[in-house]
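Right, one structure below, let's go through it.
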Amino acid sequence: MLELKNVCAGYRRLEILHDVSLTVGEKEIVSLIGANGAGKTTTLRAVAGIIKATGGEILLGGKPVQSQRADEIVRAGMLHVAQDRALFGDLDVIENLEMGAYSQPRSSIKASLDQVFDLFPILATRRTQRANTMSGGQQQMLAIGRALMARPTCLTLDEPSVGLAPNLAAQVITAITQIRDTGVTVLIVEQNASQALAISDRAYVIESGAIVLEGSGAELADDPRVRAAYLGT
Amino acid sequence: MALMSLLEVQGLTKTFAGLTAVSSVDISVEDREFLGIIGPNGAGKTTLFSLLAGSLPPTEGRVVFDGVDVTGWSAQKVARTGLVRTFQLMRPFESMSVLENVTIASLANRSRKDARRHALGVLERVQLAQYAGTSSGSLPTAGLKRLELARALAMEPRMILLDEVLAGLVPAERAPMIELLRDLHADGLSVMFVEHIMAAVMALSERLVVMHDGRVLTQGVPAEVIAEPQVIEAYLGEDYA
Amino acid sequence: MTETSVSSPPAHELPAADDPRLKDTWARRQLIVLVVGVAVLACLPLVLGEQGESVAIRTLIFAIMAVGWNLMSGFGGMFSFGHAAFFGIGAYTGAYLLVDHGISPWISMIVAAVLSAAVGVTIAYLCLRYKLAGSYFALATFAFAQMFLLIVQNLDVLNKTEGFNVEILPSDSWSMLQFQQGSPLYFWIPLAILAVAVLISILYVRSRAGQYAQAVRDDEVAASSLGIDTMRARLIAVALSCGITAVAGVYYTQYYFFVGPEQAFGSAVSVEAIIPAVIGGIGTIWGPVIGAAVVGPLSELVATVLRNPPGFLSFLQGTSGLDVAVYATLLIIIVIVMPKGIFGTIRDRWRS
Amino acid sequence: ACSGSDGGSSDSSTITIGSIHPTSGALAGVGGLMDDGAKLAVADINAAGGIKALDGAKLKLSSGDSQGKAEVGQSEAQRLIGDGAVALVGTYQSDVTQNVAAVAERGRVPFVIDVAVDDKILDQGYKYSFRVQPDATSMGTSGAESLAKIGEDSGTPITSVAYLHIEGAFGDSVFKAFEKEAAKQGITAVKEITYPATNFSDATTQVREAAASNPDVIVATGYFPDGVLIAKAVSELKPDIRGLYGIANGAFDDGSFPQASGASGQEVLSANYHYDANSKRVGDIRTRFEKKYGKPMETASILSYQAVEVIAAGLEKSGSDDPEELREAISGIEIDDPLLAFGGPITFDERGQNKNATVIVMQIQDDAVEQVFPKDFATKDLVFPVGSNG
Amino acid sequence: MTDTSTGQQAQILRVSTHPTTVVAVTVVLLLAAVYVVGGKDSGLVTQSIVTGVLLGGVYALVSIGLTLIFGVLGVVNFAQGSMLTMSMYIVYALVAGPGIPVYVATLLAIPVMFMFGMFVQQFLLNRLTSTGSHEGPLLVTLGLQLLIANVLLMIFSGRPKSVGTPFDGSFDMFGAIASYSRVIAFVGAVLVGIALTLVLRRTSLGLSIRAVAANAQGAALVGVNVRRVYALTFGIGAASVAVAGGLMTPFTSLTPSVGEQFTILAFVIVVLGGLGSVLGATIGGLIIGLVQTVGALYLPGTGSLILVFAVFVVVLFLRPQGLYGAK
Ligand SMILES: Nc1ncnc2c1ncn2[C@@H]1O[C@H](COP(=O)(O)OP(=O)(O)OP(=O)(O)O)[C@@H](O)[C@H]1O
Ligand SMILES: Nc1ncnc2c1ncn2[C@@H]1O[C@H](COP(=O)(O)OP(=O)(O)OP(=O)(O)O)[C@@H](O)[C@H]1O
Ligand SMILES: [Mg+2]
Ligand SMILES: [Mg+2]
C-alpha cells in the first residue's frame, strides 16, 4: 500500500534521512519507533509531501508520489496527523472537522462527524469552542478527528497519544485498531512504544535517520535492544 | 502569622465565556514538596498553572506564595518572586541560541557576564551544554523539553511548575529526565508537576492531586490515590495497573 | 541524542570563567567592521562629484532612518509603519528652533531625539496597552503619522503647509551647521551620526534591554513568564528607535534648507525608512546600512543610465516615467531573489 | 567634479541651461509639457542663430526630473549645476521650487521660475531667483478686480461671493488677497469653504454649503481634479448664481477641462495667467509644439518657453555666460513681447517677481477655452451672467 | 502573538455585543445628534450624509479586494491603489478605443484584472508568502505600485483623461442630490460585497480560502492546494478592484496616480473592519465615508481626515482585532 525506497530528506542543506526504506501493507498497522531526533517525524513529513524527498521513491498504492504536493497526496487518500497538530486555531471544533472533509463530498460530512464523535465524545460537547483555546489533549483528539473526516485509505499518525490521559491513550490505541478494521492502512509513530508494538503487525526502528531494525510487533517488543532503548524496561 | 506552606491556593476559579475551567480549587504546597497533579484532558491543569503563574487573571480566589498574596499579579512579577512555570507546548526564543535562551532567564538577577556563565552552568546541569551554541529552533523535542526546564531553573526559583515536561520523550529519554528532576528536588526545589505518564508521576510525586472538570477530585498519598475507583474511572481507565 | 544518564553536577558549580563556550566576540567583531567601514566611507567625498555627494548624503539620511526603524521593528518586533512621525518631529523641531528661535541644530538634535522618543513611547504604549499586534499595530502607527501630517498642515506656529526655510548664512558656521555648498562636511557629519546610530544598535542588541526586547519579540508569553517586563523592554526599543530617526530629521532640514509637511511627515517618508531595512535585512545590524547603500543611489544610477542610454535602448530616451519603472523593477527583483534581505541572505549562505 | 561657474565657460560653444520639472510622478503630465516647452525654446533660439552676443554660441537644455519631490529636485539642481548649467528653469511646485531656489542661491546660479505660485518663495531675499508668473497674492487681487468689472459691465454689480478653495498656502493666500481687494470693490466673501488637497473625491457637500449662503457668484481656487468635481457639483445642484468663477484655478482654463467636465463645464469663468491667444508668435509656437510633441501646449508649457527666452535675453545682454553677470543682466532685463497675456513687458522687481505678470479672464464656450476679458485680449464675447445668451 | 488574554477579551466582546448592532446604533445616534444639536441646515446635513454614504460605497468597493489579500495572504498590498488606476485605464482604453459603453467595459476589465492578480501572486509573491514573510511582499507591492503608475504614464501620458457615462446627471434623494453614476457605484459595492460573502460562506473555494487563512499547513493537510488558493485570492482581490475602477471612472479624472490616494484609506478601512472580513470592509467603508463628509461640515479641509484617523485609532483601542476581526 505504502512503500518507501531509499528515501533521503531533510531541511534546507541538512539531510536528516539517509536511504530510509519501509513498506506498509494493505490494512496493516506499522509502527516506526526511535529516539527523539531520530527522524520519525521527518519520515512522515516526507511521506505526506510537506517536505520534498531529495532522493528515493515513495509509492502509494504502487504510484510514485514523492513529487506530489501535500494536497495531491491527501486526495490520493493518504492523511497525516502532524506532531504539531496544525489545527485551524481561530476556527471552532465543527469548522475544523468540516474542513477535514474538504476533499470529500459534503454529503459524507454528517456520517463522518458521528464517527468522530463516537471516538472522542468530548469534541461533541465543544462544537463551538475555538481550537486554540482547547487543552493539549483536546487538540490532539481534534487533530485525529479532523484526519478521519477525510475518510483516508492510509493514515500516518505522529505521536497520537502524546499528552493524552492514560485511559484516553489506551482508547486511541484501540481506536487505531478499529480504524484499521474499517480498511485503513496505518503508519504510526509512538512514544508509547510498548502499546504501539502491541497493536502493530510490523514495526521499524529508526536511528539517526536510518532504519536499523525491522520485524513483527511482537518480535521487536521482545528484542533486548528495543526493550532497553525504547520501552524503558 | 504562623508558619504557613510555601504556596496557598484558596477557592481559585477561572471561567472562560461560560465554561468553568478551574472551579474553587484549594491546594497548599509545602516548601521542598514534590506535588504531582493528574487529571483527564481538559481537567484544568494547565489553566491552574496559568493562574498560579499569573499568565491568566483568576475569576475568583486567592494565591499566596511564600506569604505574599500574588493574586492577579502579572506573570513577570510572579516569576520574580520565585514561582516559575514551563509550558506544555514548548516556546523557545527561536532567533536565539540555546545558551542565549537560558541567559535571558539568568539575567533576572545577574550582570550580563555572570548570567552567561551561570546559564552555561544550568545547561550543564540539564545535560544540554553540548547544544549551547546551536539555534534553539532546530533542537529535537527532547532538547526543547530540557531547554524549557533550563530556562525556568536559570530563574533560580523557589518553586517550579512543570507542565508535561516528559510528554514526547521516549522511555529511554525519560529516565535521565526523571533522575534530573529528583536531584533538583533533592537540592531543595519545590515542584508542582503535571504529567500523564504515570510511571514518572508515581516515581516522583510525594503527594498526588487529581483534578477533574476543574475541581480537585481527590488528593493524598500517590499509591492510595490511584487505587481510588473514581480516579481509575475518570482517568486511569480499567486496563491500567 | 540518546544520553546515558549521568549523575548531574549541582547547579552552583559554575563553569570556568574562561570556558571557551562563554567567549562572545560578536560585539568586538561588529565594532571592528564599524571602524573600518567609517574610515573607508570617509574618503568618498574626495571621489564624488557635486551630485554624487548629494546622493550620498541622501543615502546616509536614509541609512540613519533605517537603522532607527530597525531597532523598533527588527529587534523589537513592532513593525512601525509611521516612522515619518518621528523623522518629522526631528525635521520640524530643528526647523522651528532654528528659524523661530535661532537655536543651534546641534542642540535641536538632542531636543528632537528626546521629544520624539517621548512621543514614540506614548504612541507605542497606547498601542501595546490596548493589545494591538502585527498589522493592527503597524496601521495604528501609520494612522498616528498621518494625523501628525494633517495637524501640522493646520498649525499656524508651524507655518501650515508652507513649511520652514532655513536662512542661508553668508559664511560657514559650525554652530549653525552651515558650510559651502558641496563641502565634504555635509557628508562627514551624517556619516558620523550614522556611525553613532550603528554603535548604539550594536551595544543595545547585546545589552540586557536589547536581549529582553528580542526575547519578547520571539515569544511574549514565554518572556513574561521568565520575569521580563515586556512593556518596558519594548518601550526602550521604541525610544531608541524614535530618537535616532529624529536626528536624521534634524539633519535633513539643515542640509536641504527647506522642510514642509510632506517632506517631514508624508507617508512616503515612512516607506523610505522601511525599504532599506527590508532590502538589506530586517533585524540585523548591517542590513539597514547595506540596504540604504543599495537603494539610495539606485534611482539616480538608473536615471543617469537612461538619460543617455546605451545604443540599443536609445529609442527609450526621454520617455518620462521610464527610469522610475526600471527602478521599481529592480526593487522587486532584489526582494524576490533575496527574500531575507541582502545581508540576511548572504549571511545564511555563509553559515551553511 | 566641477563647480558651477567654470563648468559653464569650460566649453564656450554651447551653453547649458538646466530644466527641472516633475516629469514622473503625480504631476508628470504638466511636468512633461513644461520640459518640452523649454526644449522647444532652446531649439528655436539655436535655429535663429544661437546667442549672438557670444558669437552664436548654441544653447543646450539638460533636463532633470524632480519626481515631484523636494529633495529629488534639490539633488537634480545640484547635478545640473555640477554639470555646468549657467541657469535653471523650473519647477511648477512651490515646495520643490523652495529647495531649488536655495541651491541656486548657494551655487550662485540664476534660477528663473516659470511656474510656482507661493509668494513665500521670493520672500527669502534670494538674489538669484526670478519668477515670470504672477504670484498668489497678485492673482487673488487682480482676480477680484476683474470680477468686479465684469459685474459692472453686466449692469448689475456683484455684491457677494462664496469662496471654495483648496487647503494650503496656495489656496489661502489667493483667497486672502481676493477678500482684501474684493472688499474695496464692494464685494463681500459671504462664505469661505476649504477642502483637502488629498482624498477629495466629491464636492457636492461643499458646493451645496456654498450655495446655501446664496451668493451672486461662486469662486473656486484649486487644482485640476477638484476643479472638475466642483464644476460638476455646481451643474448638478443648479444653485441660483450668476456664474462659477475660478481664480488661479488649475482646471477651468486647461485644454482638457471642457472634455473632462462635459456639459457642466459650459461658460465657467476663469481668472488666471494665460498665454496670449491673440499673439501670432504664440499661435505659431503652439502649432509647432503640437506638431512636434503631439500634445496641445498649455500655458504652463508656454511659461517654460518664456523662462528660457528670459535667460537667453540675459545672455545676450550680459554677453557672458558667467552666472554672476547673467544674474545681473536678468535682474535688469525688459522683454517687450511676452508670450503671456500680461499687463506689460517682463521686468523683475527687487524681489525677483515679474512686475507686470497678471491674470486675464477666460470662459468655456462651445467646448473651447476662450479669452473674454479684458477686451483687448478677448477672443470671444463674455457671457455673463452665465446662461444669459439663451 | 498568541496571547491568551487577548483571545478571551476578543471572545467575551464577541458574545457580549454584536458589532453590527453597536455600530448601527452609534452611527444613528451620532447622525441624529448632528441633526438636532448640530446647528447646521438640515438639508445640508442630509446632503452630506447621502454624499458620505455614496462615497463610503466607493471606499468599500476598493477595500473589499484589499481585505481578502491582506487577511488571507497577510500581504500588505501597496499596489491596490495602482491596480485601481490600472483598471480605470483599461476601462478608459476600451471606451476611448472601440467605444464600448463604460459599464460593459467594466465587465470586460474584471477577468483581465483577475488574471493580473493571479499572475502577481504566482510569479512575484508566492515564494515570499510561502516563507511567511510580511515585509518582502510589502516591498514587492510597493515596487509594483511604482511600476504600474509609471508604465501607465509611459503609455497614456500624464494628462488628465476622462470617461463619459450614458447615465450622466443626477436626481433628488430625500432632498439631497445624488448623481446616477455614484449611486450605480454604490449599488455595485453592495453587490460585490454580497457576492464575495456568499462565495466565502457557501462555496468550497470560500471554505478553502478560510482554511488557508486560518492555518496554511493545516489546509494542505486536509487537501487544499494552498498555492492555488493564494493565487485565486489575489485574483479575486484584483477583480473586485476592477469593479471599483470601472464604476469610478465616470466621476474621476484619470491620471496615472489617481488611485494611490485610496490605498491609505483602504488600509484604514480594512483594519477597522477586521482583516479578511468582507462585511467589515463594507461597513468600515461606509463609516469612513460618513465621518469624512459629515465631519467636513464642522472641520473643513483636512480636519475631517484627522477625524477619520482619530476614529480609526479609537475603534482599534476598543476592539484590537477590528470590528469583525477573528483574532
Ligand atoms: N525545521 C527544522 N529545521 C532544521 N532541523 C530540523 C527541523 N525539524 C527537525 N530538525 C532536526 O531533524 C532531526 C530529526 O527530527 P525529527 O522531528 O524527525 O525527529 P523525531 O524522530 O520526530 O523526534 P521526536 O521524537 O523529537 O519527534 C532532529 O535532529 C531535529 O533537530
Ligand atoms: N482561553 C480559553 N477559552 C476557552 N476555554 C478554554 C481556554 N483555555 C482553556 N479552556 C478550556 O478549559 C479547560 C481546561 O483546559 P486545560 O488546558 O487547563 O486542560 P488540561 O488539564 O491542561 O488538559 P491537558 O491534560 O489535555 O493539557 C479545557 O476544557 C479547555 O478547553
Ligand atoms: Mg517527531
Ligand atoms: Mg495541559
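The values are calculated or read from the model by the stated rules, or taken from the named source; none is laboratory data. Keep in mind that what you see is a predicted model, and the values were worked out from it rather than measured. Note that we place each Cβ from the backbone using ideal geometry, even for glycine, and neighbour counts take in every protein chain shown.
Yes/no matrix, rows are residues, columns are (1) surrounded by fewer than 23 Cβ atoms within 10 Å (Cβ to Cβ); (2) within 14 Å of chain B (Cβ to nearest Cβ); (3) without any contact (Cβ under 8 Å) to a residue 40 or more places away in the chain:
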residue	(1), (2), (3)
C:164	yes, no, no
C:194	no, no, no
C:216	no, yes, no
C:222	no, yes, yes
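Would you pick out the residues in the stretch B:19-49 that are assigned to a loop (DSSP other than H, G, I, E, B) and either more than 6 Å from ligand 2 (Cβ to nearest atom) or β-branched (Val, Ile, Thr) (or both)? First the steps, then the outcome.
Initial filter on the stretch B:19-49 (assigned to a loop (DSSP other than H, G, I, E, B)): B:30-33, B:39-44.
Matches in the stretch B:19-49: B:30, B:31, B:32, B:33, B:40.
In the stretch E:117-166, which residues are of a type in the set (Gly, Ala, Ser) and either over 30 Å from residue E:184 (Cβ atoms) or in a helix (DSSP H, G or I) (or both)?
Within the stretch E:117-166, the subset of a type in the set (Gly, Ala, Ser) is E:117, E:130, E:132-133, E:136, E:143, E:149, E:157-158, E:162, E:164.
Scanning the stretch E:117-166 gives E:117, E:130, E:132, E:133, E:136, E:143, E:149.
Go through the residues of the stretch A:181-194 one by one and say whether even a single one is part of a helix (DSSP H, G or I), over 22 Å from residue A:78 (Cα atoms) and away from ligand 2 (no atom under 16 Å from the Cβ). Break it down stepwise before answering.
Quick first cut of the stretch A:181-194, residues part of a helix (DSSP H, G or I) only: A:181, A:193-194.
This time we only want the ones that are over 22 Å from residue A:78 (Cα atoms), so: A:193-194.
Imposing the further condition that a residue be away from ligand 2 (no atom under 16 Å from the Cβ) reduces the set to A:193-194.
Yes: one or more hits.
Restricting to the stretch A:20-57, name every residue that is without any contact (Cβ under 8 Å) to a residue 60 or more places away in the chain, more than 9 Å from ligand 1 (Cβ to nearest atom), surrounded by 24 or more Cβ atoms within 10 Å (Cβ to Cβ) and farther than 16 Å from residue A:210 by Cβ.
A:49
Please go through the stretch B:116-145 and pick out each residue that is part of a helix (DSSP H, G or I) and within 16 Å of ligand 3 (Cβ to nearest atom). If you could, list the steps in order and put the result at the bottom.
Going through the stretch B:116-145, the residues part of a helix (DSSP H, G or I) turn out to be B:116-125, B:129-131, B:136-138, B:141-145.
Once the filter is applied, which keeps residues that are part of a helix (DSSP H, G or I) and within 16 Å of ligand 3 (Cβ to nearest atom), the stretch B:116-145 yields B:137, B:138, B:141, B:142, B:143, B:144, B:145.
Taking the condition closer than 17 Å to residue D:203 by Cβ and either surrounded by fewer than 24 Cβ atoms within 10 Å (Cβ to Cβ) or touching a Cys at 6+ places or on another chain (Cβ under 7 Å) (or both), does residue E:303 pass?
Numbers: closer than 17 Å to residue D:203 by Cβ: yes; either surrounded by fewer than 24 Cβ atoms within 10 Å (Cβ to Cβ) or touching a Cys at 6+ places or on another chain (Cβ under 7 Å) (or both): yes.
Yes: the conditions hold for residue E:303.
Among (1) surrounded by 24 or more Cβ atoms within 10 Å (Cβ to Cβ); (2) farther than 21 Å from residue C:131 by Cα, where does residue E:309 come up short?
It is condition (2) that residue E:309 fails.
Which ones in the stretch A:35-54 are within 9 Å of ligand 3 (Cβ to nearest atom) and touching a helix residue (DSSP H, G or I) at 6+ places or on another chain (Cβ under 8 Å)?
Once the filter is applied, which keeps residues that are within 9 Å of ligand 3 (Cβ to nearest atom) and touching a helix residue (DSSP H, G or I) at 6+ places or on another chain (Cβ under 8 Å), the stretch A:35-54 yields A:36, A:37.
Within the stretch B:146-170, restricting attention to residues that are β-branched (Val, Ile, Thr) and within 19 Å of residue B:55 (Cβ to Cβ), which residue is farthest from ligand 2 (Cβ to nearest atom)? Break it down stepwise before answering.
Initial filter on the stretch B:146-170 (β-branched (Val, Ile, Thr)): B:160, B:165, B:170.
Still in the running and within 19 Å of residue B:55 (Cβ to Cβ): B:160, B:165.
Details: B:160: 17, B:165: 13 Å.
Only one residue fits best here, namely B:160.
Restricting to the stretch B:179-202, give me the number of residues that are aliphatic (A, V, I, L, M) and within 9 Å of chain C (Cβ to nearest Cβ). It would help to see each step written out before you state the result.
Keep residues of the stretch B:179-202 that are aliphatic (A, V, I, L, M), which gives B:180-181, B:184, B:186, B:189, B:191-192, B:194, B:197-202.
Next, from what is left, pick out any that are within 9 Å of chain C (Cβ to nearest Cβ): B:180, B:184.
Final tally of qualifying residues: 2.
Quick test for you: out of A:142, A:148, pick the one residue that is touching a strand residue (DSSP E or B) at 6+ places or on another chain (Cβ under 9 Å) and at pLDDT 90 or above. It would help to see each step written out before you state the result.
Values: A:142 fails: touching a strand residue (DSSP E or B) at 6+ places or on another chain (Cβ under 9 Å).
That would be A:148, the only listed residue that is touching a strand residue (DSSP E or B) at 6+ places or on another chain (Cβ under 9 Å) and at pLDDT 90 or above.
Go through the residues of the stretch D:340-359 one by one and say whether even a single one is in contact with an Asp or Glu (Cβ under 8 Å, 6 or more places away or on another chain), of a type in the set (Ser, Thr, Tyr) and under 18 Å from residue D:30 (Cβ atoms).
Checking the stretch D:340-359: not a single residue is in contact with an Asp or Glu (Cβ under 8 Å, 6 or more places away or on another chain), of a type in the set (Ser, Thr, Tyr) and under 18 Å from residue D:30 (Cβ atoms).
Taking the stretch E:113-170 on its own, how many of its residues are of a type outside the set (Gly, Ala, Ser) and in contact with a strand residue (DSSP E or B) (Cβ under 6 Å, 6 or more places away or on another chain)?
Within the stretch E:113-170, the first condition is being of a type outside the set (Gly, Ala, Ser), and the residues that meet it are E:113-116, E:118-129, E:131, E:134-135, E:137-142, E:144-148, E:150-156, E:159-161, E:163, E:165-168.
When the remaining residues are screened for being in contact with a strand residue (DSSP E or B) (Cβ under 6 Å, 6 or more places away or on another chain), the result is E:161.
Looking only at that region, the number is 1.
Quick one: in the stretch D:230-273, which of the residues that are surrounded by fewer than 23 Cβ atoms within 10 Å (Cβ to Cβ), more than 11 Å from every other protein chain (Cβ to nearest Cβ) and not aliphatic (A, V, I, L, M) is farthest from residue D:115 (Cα to Cα)?
The extreme case among them is D:240.
Looking only at the stretch A:208-233, filter to residues that are in contact with a strand residue (DSSP E or B) (Cβ under 6 Å, 6 or more places away or on another chain) and in a strand (DSSP E or B); which one of those is farthest from residue A:22 (Cα to Cα)?
Applying the filter and picking the extreme gives A:216.
Can you pull out the residues in the stretch A:11-42 that are of a type in the set (Ser, Thr, Tyr) and more than 14 Å from chain B (Cβ to nearest Cβ)? Steps first, please.
Applying the first criterion (of a type in the set (Ser, Thr, Tyr)) to the stretch A:11-42 yields A:11, A:21, A:23, A:31, A:41-42.
Passing the criteria: A:21, A:23.
Determine if the stretch C:292-315 includes at least one residue that is away from chain E (no Cβ under 14 Å), surrounded by fewer than 21 Cβ atoms within 10 Å (Cβ to Cβ) and within 18 Å of the chain's Cα centre (by Cα).
The answer is yes, given that some residue of the stretch C:292-315 is away from chain E (no Cβ under 14 Å), surrounded by fewer than 21 Cβ atoms within 10 Å (Cβ to Cβ) and within 18 Å of the chain's Cα centre (by Cα).
Does the stretch B:163-206 hold any residues that are of a type in the set (Asp, Glu), out of contact with any Gly (no Cβ under 8 Å at 6 or more places or on another chain) and within 16 Å of ligand 3 (Cβ to nearest atom), and which are they?
B:173
Select from the stretch D:186-222 the residues that are more than 10 Å from chain E (Cβ to nearest Cβ), crowded, with 18+ Cβ neighbours inside 10 Å and not in a helix (DSSP H, G or I) and list them in ascending order.
D:187, D:189, D:191, D:215, D:216, D:217, D:218, D:219, D:220, D:221, D:222
For a quick check of your reading: which strands (runs of 3 or more DSSP E) sit entirely within the stretch D:49-118 and have at least 2 residues that are under 19 Å from residue D:333 (Cα atoms) and more than 9 Å from chain C (Cβ to nearest Cβ)?
Working: elements: D:58-65, D:87-90, D:111-113.
In the stretch D:49-118, the matching strands (runs of 3 or more DSSP E) lie at D:87-90, D:111-113.
State all residues of the stretch A:171-220 that are free of Cβ contacts under 8 Å to residues at least 60 places away in the same chain, away from every other protein chain (no Cβ under 14 Å) and surrounded by 16 or more Cβ atoms within 10 Å (Cβ to Cβ); if no residue qualifies, say none.
Result: A:179, A:213, A:215.
Considering only residues that are away from ligand 2 (no atom under 16 Å from the Cβ) and either over 24 Å from residue A:168 (Cα atoms) or polar (S, T, N, Q) (or both), look in the stretch B:206-233 and name the one that is farthest from the other protein chains (Cβ to nearest Cβ).
B:206
Please find, within the stretch A:125-170, the residue that is surrounded by the fewest Cβ atoms within 10 Å (Cβ to Cβ) out of those that are without any contact (Cβ under 8 Å) to a residue 12 or more places away in the chain and more than 10 Å from ligand 2 (Cβ to nearest atom).
Filtering the stretch A:125-170 for residues that are without any contact (Cβ under 8 Å) to a residue 12 or more places away in the chain and more than 10 Å from ligand 2 (Cβ to nearest atom), the one surrounded by the fewest Cβ atoms within 10 Å (Cβ to Cβ) comes out as A:167.
Looking at the stretch B:197-214, which of its residues are away from ligand 1 (no atom under 16 Å from the Cβ) and buried (at least 18 other Cβ atoms within 10 Å of the Cβ)?
Here is the first cut: in the stretch B:197-214, the ones away from ligand 1 (no atom under 16 Å from the Cβ) are B:198-214.
Those that are away from ligand 1 (no atom under 16 Å from the Cβ) and buried (at least 18 other Cβ atoms within 10 Å of the Cβ): B:198, B:200, B:201, B:204, B:205, B:208, B:209, B:210, B:211, B:212, B:214.
If a residue counts only when it is without any contact (Cβ under 8 Å) to a residue 12 or more places away in the chain and within 12 Å of chain A (Cβ to nearest Cβ), which helices (runs of 4 or more DSSP H) contained entirely in the stretch E:189-282 have at least 3 such residues?
Values: elements: E:204-214, E:216-221, E:226-248, E:260-273.
The qualifying helices (runs of 4 or more DSSP H) are E:204-214, E:216-221.
In the stretch A:102-152, how many residues are within 16 Å of ligand 3 (Cβ to nearest atom) and closer than 20 Å to residue A:71 by Cβ?
Summing the residues that are within 16 Å of ligand 3 (Cβ to nearest atom) and closer than 20 Å to residue A:71 by Cβ in the stretch A:102-152 gives 2.
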